[in-house]
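Here the structure comes first, spelled out in structure tokens, and everything after it is commentary.
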Amino acid sequence: MTRLDATRLLVNVVGQASNTPVVASLGHPAYDLFAAGDRAANFYTWGSMGLASSIGLGLAMARPDLRVVILDGDGSLLMNLGSLATIGWTRPENLVLIVWDNEAYATTGGQQTATAHGADLEAAGRALGIRQSATARTEAEFQLLAARAMTEPGPWLIVAKVDESAPAGKPPLDCVLIKHRFMTAIGTQS
Amino acid sequence: MTWASGVCAGFAAAGITHVAYVPDNPLSHVLKVLQTHPKIRTTVATREEEAFGIAAGLYLGGIRSAVMLQSSGLGNSLNALTSLIVPYQIPMLILISMRGDAGEWNSAQVPMGRAVVPILDAMGISHATVQSAETTAATVELVARTAFETRMSGACLLPRRLTAPRVAENANA
């Protein structure tokens, strides 16, 4: 399963036309989300490595009426592992944290991360209080888990073991435009 | 009104309903008051940068928030501020409990304490220092309202002369 193919599956599960917010970590997760299905309810980060799950947590607490999907990377989550403990403590049922685990810092040239050497992010999530933690190794497994996470109570942590694929697009570079269109799409008054 | 009650009154007056924080000793007084406040939720972050991420998400979802941190934690927050909060124009109140200013007893706190204002200036984040317990609520409210109206986060500094005025007492902090 490549990250781009898995991202296409995810967009299909979320719904291209839905207002379900999707927060994407910087670099390849954001590029692939844009390529797989640009939507106004996508929040693309261009910096703040590690914080996608934290942004998603704040959003999930603010909007319990919406499922909040986060697309993170293994390197990014390892930079902010404490976020799993905070999610495990606050336990928003509507939070769905998906980690594209390619065992590498792909955006910066493919240097290995600790997950290439045994670090298990699913186990970390469970140890830190996220009971709905799971790993998907095939497209069928990912499809099933993503669909469950959109309906069953969370918080969810889905670690998707993916192969690297060349990013196929880039989101707009205007940060304020991204924010404004996102907030409008999910119905937030700014 | 104590300075800590003033902080909470300022939050409430500016419409802040959620506070993400990493605690320190002076901020514990604010947290005690917040525990009794019916409309303000709190979330503990493991690290200051995480608190800024949470606050950004709260804003995207329509909630006005504050981030509370000790000045030492500003250093842990710089990438969140410079690559998320400032360029995306995500407003929040940044409440900084100062260490390393007048009244400090721990030399390890001094370099960062001295750097807080120049760093905020370098990032283009406006800041005001609370001068007294009597003016705390008004200062906090003004900085917060300005942040939300302009969509540019602003910082409110709580100096040690306000939060822990006696050096001898601080040695136990």
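List the number of the failed condition for A:Q16; all other conditions in (1) surrounded by fewer than 18 Cβ atoms within 10 Å (Cβ to Cβ); (2) closer than 25 Å to B:V44 by Cβ hold.
Among (1) surrounded by fewer than 18 Cβ atoms within 10 Å (Cβ to Cβ); (2) closer than 25 Å to B:V44 by Cβ, A:Q16 violates only (2).
Taking region A:159-173 only, how many residues are under 21 Å from A:L97 (Cα atoms) and of a type in the set (G, A, S)?
2
Could we say that B:G61 is open to solvent by less than 20 Å² (accessible area, probe 1.4 Å), over 25 Å from A:S48 (Cβ atoms) and not basic (K, R) here?
Values: open to solvent by less than 20 Å² (accessible area, probe 1.4 Å): yes; over 25 Å from A:S48 (Cβ atoms): no; not basic (K, R): yes.
No: the conditions fail for B:G61.
Does region B:155-165 include one or more residues that are touching a Pro at 6+ places or on another chain (Cβ under 6 Å), touching a residue at least 12 places away in the same chain (Cβ under 8 Å) and within 14 Å of chain A (Cβ to nearest Cβ)?
Looking through region B:155-165, none of the residues is touching a Pro at 6+ places or on another chain (Cβ under 6 Å), touching a residue at least 12 places away in the same chain (Cβ under 8 Å) and within 14 Å of chain A (Cβ to nearest Cβ).
Within region B:81-97, identify whether any single residue is more than 7 Å from chain A (Cβ to nearest Cβ), over 20 Å from A:A24 (Cα atoms) and small (G, A, S), and answer yes or no.
Yes, because at least one residue in region B:81-97 is more than 7 Å from chain A (Cβ to nearest Cβ), over 20 Å from A:A24 (Cα atoms) and small (G, A, S).
Yes or no: A:A30 more than 10 Å from chain B (Cβ to nearest Cβ), open to solvent by 20 Å² or more (accessible area, probe 1.4 Å) and in contact with a Ser or Thr (Cβ under 8 Å, 6 or more places away or on another chain)?
no
Which of the residues spanning region A:81-100 are in contact (Cβ under 8 Å) with a residue 12 or more places away in the chain, open to solvent by 10 Å² or more (accessible area, probe 1.4 Å) and at the interface with chain B (Cβ under 8 Å from one of its Cβ atoms)?
First, pick out the residues of region A:81-100 that are in contact (Cβ under 8 Å) with a residue 12 or more places away in the chain: A:81, A:83-100.
Subsequent filtering for residues that are open to solvent by 10 Å² or more (accessible area, probe 1.4 Å) retains A:81, A:85, A:89-94.
Residues satisfying the conditions are A:A85, A:W89, A:T90.
What number of residues within region A:1-13 are crowded, with 24+ Cβ neighbours inside 10 Å and farther than 17 Å from A:K170 by Cα? First the steps, then the outcome.
Going residue by residue through region A:1-13, those that are crowded, with 24+ Cβ neighbours inside 10 Å are A:3, A:6-7, A:10.
Remaining after also requiring farther than 17 Å from A:K170 by Cα: A:6, A:10.
Looking only at that region, the number is 2.
Out of all the residues in region B:1-31, which are open to solvent by 20 Å² or more (accessible area, probe 1.4 Å), among the β-branched types (V, I, T) and within 16 Å of B:M92 (Cα to Cα)?
B:T17, B:V22, listed by residue number.
Taking the residues in region A:33-54 that are away from chain B (no Cβ under 12 Å) and small (G, A, S) as candidates, determine which candidate is least open to solvent (accessible area, probe 1.4 Å).
Ranking the candidates gives A:G37 first.
Identify, by number, the condition in (1) of a type in the set (G, A, S); (2) closer than 23 Å to A:A136 by Cα; (3) touching a residue at least 24 places away in the same chain (Cβ under 8 Å) that A:A40 doesn't meet.
It fails just one condition, (2).
Consider A:L71 against the criteria (1) buried (at least 24 other Cβ atoms within 10 Å of the Cβ); (2) within 13 Å of chain B (Cβ to nearest Cβ); (3) within 12 Å of the chain's Cα centre (by Cα): it satisfies all of them except one. Which criterion is unmet?
The number of the failed condition is (2).
Residue by residue through region B:37-58, note down the ones that are open to solvent by 30 Å² or more (accessible area, probe 1.4 Å) and under 19 Å from B:I16 (Cα atoms). Reasoning before the result, please.
Within region B:37-58, the subset open to solvent by 30 Å² or more (accessible area, probe 1.4 Å) is B:37-39, B:41-42, B:44, B:46-47.
Result: B:H37, B:P38, B:K39, B:R41, B:T42, B:V44.
Where residues in region A:148-187 are of a type in the set (D, E) and in contact (Cβ under 8 Å) with a residue 24 or more places away in the chain, which of them is farthest from the other protein chains (Cβ to nearest Cβ)?
Start the filter on region A:148-187 by keeping residues that are of a type in the set (D, E), which leaves A:152, A:163-164, A:174.
Among the residues that remain, those that are also in contact (Cβ under 8 Å) with a residue 24 or more places away in the chain are: A:163-164.
Details: A:D163: 28, A:E164: 24 Å.
Here the answer is A:D163.
The values are calculated or read from the model by the stated rules, or taken from the named source; none is laboratory data. A quick note: this is a predicted structure, and the numbers were derived from the prediction, not measured. Here Cβ is always computed from backbone atoms with ideal geometry, including for glycine, and neighbour counts include all displayed protein chains. What goes into the accessible areas is simple: the full protein's heavy atoms, side chains included, and nothing from ligands, DNA or RNA. Shrake-Rupley method; radii C 1.70, N 1.55, O 1.52, S 1.80 Å.
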